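Read through the structure below, which is laid out as structure tokens, and then see the notes.
The values are calculated or read from the model by the stated rules, or taken from the named source; none is laboratory data. Being a predicted model, the structure only gives us computed values, none of them experimental. Cβ: placed from backbone, ideal geometry, glycine included. Neighbour counts: every protein chain shown. These area figures cover heavy atoms from the full protein model, side chains too; ligands, DNA and RNA do not enter into them. Shrake-Rupley method; radii C 1.70, N 1.55, O 1.52, S 1.80 Å.
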Amino acid sequence: MNRSVTIAMQEQPLFTTSAHVFEIDPDTKKSWLPSSKQAVPVSFYCDPMRSHHRIISVDGTKVIINSSITQNMHFMKTSAKFGQWSDPRANTVYGLGFSSENDLNKFAEKFNETKATISTKSTQQSSAIDTNGYNTDSTESKNEITSSSLNNSKVLWRMEAELSNLKSRNEEISILLQNYRDDNKQLKSKVQRLEEQKNTLTTECNQKDLRNEKMLDLEEQQNINLQTIEKLRKELQGQEILEEENERLTSQCQDLIRENEVLKKQISSLTSNGDGELTNTKLMLKLKTLQGTLGNRIGDLQSVHAEISSLLNPQEYSC
């Protein structure tokens, strides 16, 4: 928006500060549009001849504020460093961002002071018009009315300033309360996440302990199985040895049985034919020889029998 400003010779600068200037977005009426890229001078001017007050700000050669102050205007502090006022004549809302809360408070005080001055002068002008038809005896009454109006204006200015401060404090408290609520929500969410992580870690630890216990059980069972396998392997080897020894002894026993049968036949043959073929002496020698051989064979058979029995029932012969 292009503007031009002409400062009359009689206009006097009353107060100057520095601030970032904004205007409300004319389309949305919600967001702010920056009018300056950096902080610029913002000044109060007064024309005593016309009792006219206005706020002017120029950025280089560009006029960004030219707002005439009226009694109905209100400057509102919306945060610790930001304030705004509506200008119906310019059909816009101006916003100022200050570098400190102190600068904001000084500007608000000057704004309200200017409004009070305008109100006072307006009351004085009204009183002067009303007293033009009266005589000089009404001078005291006029002064009392003017003094009362001035006092009322001061009270009104103080009330407006206090109301503005209360609104500002209320907004600050609301912002702090909202921040506290947001922080509280974040803390609750963080605590919940930590609880979930704790539960997850606890579950994993329990599962790990169960796996470790199961692994120990499996390892123990594996050792038992290995020992059992080794024992069975040894028993199998011993069984194979026993079977081989049994086969050997069984074969030996059968050989002895056959030899025994042969000896029996020989004894029987010698007994039946001994009278005709051999003398008694030779027969006795032969019989004694066969008897010794038979005894040896019987001893061998007994030894084989005992050895087979010890293999079949080793516990009975371990004592």
All but one of (1) open to solvent by less than 70 Å² (accessible area, probe 1.4 Å); (2) of a type in the set (S, T, N, Q); (3) touching a residue at least 40 places away in the same chain (Cβ under 8 Å) hold for Q71; state the number of the condition that does not hold. (1)
Against the conditions (1) assigned to a loop (DSSP other than H, G, I, E, B); (2) of a type outside the set (S, T, N, Q); (3) touching a helix residue (DSSP H, G or I) at 6+ places or on another chain (Cβ under 7 Å), where does K29 fall short? Just the number, please. (3)
How many residues of segment 266-308 are among the polar types (S, T, N, Q), at pLDDT 80 or above and open to solvent by less than 60 Å² (accessible area, probe 1.4 Å)? The answer is 1
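Yes or no, residue by residue, for (1) open to solvent by 100 Å² or more (accessible area, probe 1.4 Å); (2) free of Cβ contacts under 8 Å to residues at least 24 places away in the same chain; (3) among the hydroxyl-bearing types (S, T, Y):
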position: R211; (1), (2), (3): yes, yes, no
position: D217; (1), (2), (3): no, yes, no
position: Q221; (1), (2), (3): no, yes, no
position: I224; (1), (2), (3): no, yes, no
position: I241; (1), (2), (3): yes, yes, no
position: E244; (1), (2), (3): yes, yes, no
position: L249; (1), (2), (3): no, no, no
position: Q254; (1), (2), (3): no, yes, no
Selection count, segment 291-304, where residues are touching a helix residue (DSSP H, G or I) at 6+ places or on another chain (Cβ under 9 Å) and without any contact (Cβ under 8 Å) to a residue 40 or more places away in the chain: 4
I'd like the full set of residues that are within 15 Å of S86 (Cα to Cα), touching a residue at least 40 places away in the same chain (Cβ under 8 Å) and under 50 Å from the mean Cα position of the chain (by Cα), limited to segment 30-64. W32, I64
Residue under evaluation S51, criteria (1) touching a strand residue (DSSP E or B) at 6+ places or on another chain (Cβ under 9 Å); (2) modelled with pLDDT under 95; (3) of a type in the set (S, T, Y); (4) closer than 22 Å to T114 by Cα, criterion not met: (1)
Does segment 86-103 include one or more residues that are more than 55 Å from the chain's Cα centre (by Cα) and open to solvent by less than 40 Å² (accessible area, probe 1.4 Å)? no
